[in-house]
Amino acid sequence: MITRRLLIASALTSALVVGCAGISAQESPTATPGCNVGESPVNRPLADLRGCDLTGADFTGANLKGADLRGANLSRVQLLGADLTGARLAEAKLGGALLGAANLTDANLAYADLTDADLVGTTLTGAILAYANLTRANLDSANLTGAILSWANFSHANLNRATLVGNLSTKTNFSGATMPDGSIHP
């Protein structure tokens with residue numbers, strides 16, 4: 001019998017998942033009724049995991065290009081080295097998530113909660129972080145070139161050695177943050 005965790009992990013790396021709202025990575029080890037897994041029509045990984053509870057799941061190195069994770073609970077998830085290019089993560093809960101060296105190029109993280117997330121060496125080129133909460137997040141050596149940071153909260157975040165070039169950052173909160181040059185923002 002396949003576990004829900006294995007079903008979700010398999011879907012994220014090689015198939016299209018439809019109708020998985022309400023799946024929990026912590027639930028009993030049974031197949032998920034109503035969770036349809038099939039080949040992507042364009043033969044590339046896609047996942048529709050809107051609103052799913054994937055708390056604590058390990059998706060290290062997963063291919064999540066274009067995945068729809070809007071409103072998903074990804075608290076304490078491991079996404080080390082994962083490819084989330086163009087992923088939709090608006091309003092996702094990523095508190096305490098491990099995203100080191102992940103690729104979030106052009107990802108939509110508007111209103112996402114990344115409190116205490118580890119984003120060391122993460123690529124966020126062109127990402128939308130408007131209204132996102134990155135309080136105490138570790139973005140050491142992250143690349144945020146061209147990212148939209150308007151109204152985002154980076155209070156007490158670590159941005160040491162991060163690349164912040166060509167950003168739209170209207171009303172962004174950097175209070176107490178360690179800036180790319182190592183200085184502490186007032």
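Of the residues making up region 50-62, just one is buried (at least 19 other Cβ atoms within 10 Å of the Cβ) and either modelled with pLDDT under 95 or not in a loop (DSSP other than H, G, I, E, B) (or both), namely 53. Annotation note: Cβ proximity below 9 Å between a residue of region 175-186 that is closer than 10 Å to residue 159 by Cβ and a residue that is surrounded by fewer than 15 Cβ atoms within 10 Å (Cβ to Cβ) and hydrophobic (A, V, I, L, M, F, W, C) (sequence gap 6+ or interchain) occurs for 177/184; 178/184. Just one residue in the set 101, 117 is among the aliphatic types (A, V, I, L, M), at positive phi and under 13 Å from the mean Cα position of the chain (by Cα); that residue is 101.
Please tell me if residue 42 is modelled with pLDDT under 50 and part of a strand (DSSP E or B). Answer is no for this residue. For region 73-87, enumerate the residues that are assigned to a loop (DSSP other than H, G, I, E, B) and within 15 Å of residue 115 (Cα to Cα). Scanning region 73-87 gives 74, 75, 76, 77. The one condition from (1) modelled with pLDDT of 95 or more; (2) polar (S, T, N, Q); (3) surrounded by fewer than 20 Cβ atoms within 10 Å (Cβ to Cβ) that residue 123 does not meet is (3).
The values are calculated or read from the model by the stated rules, or taken from the named source; none is laboratory data. Just so we're clear, the structure is a prediction, and the values are computed from it rather than from any experiment. All Cβ positions, even for glycine, are placed from backbone atoms using ideal geometry, and neighbour counts span all protein chains on display.
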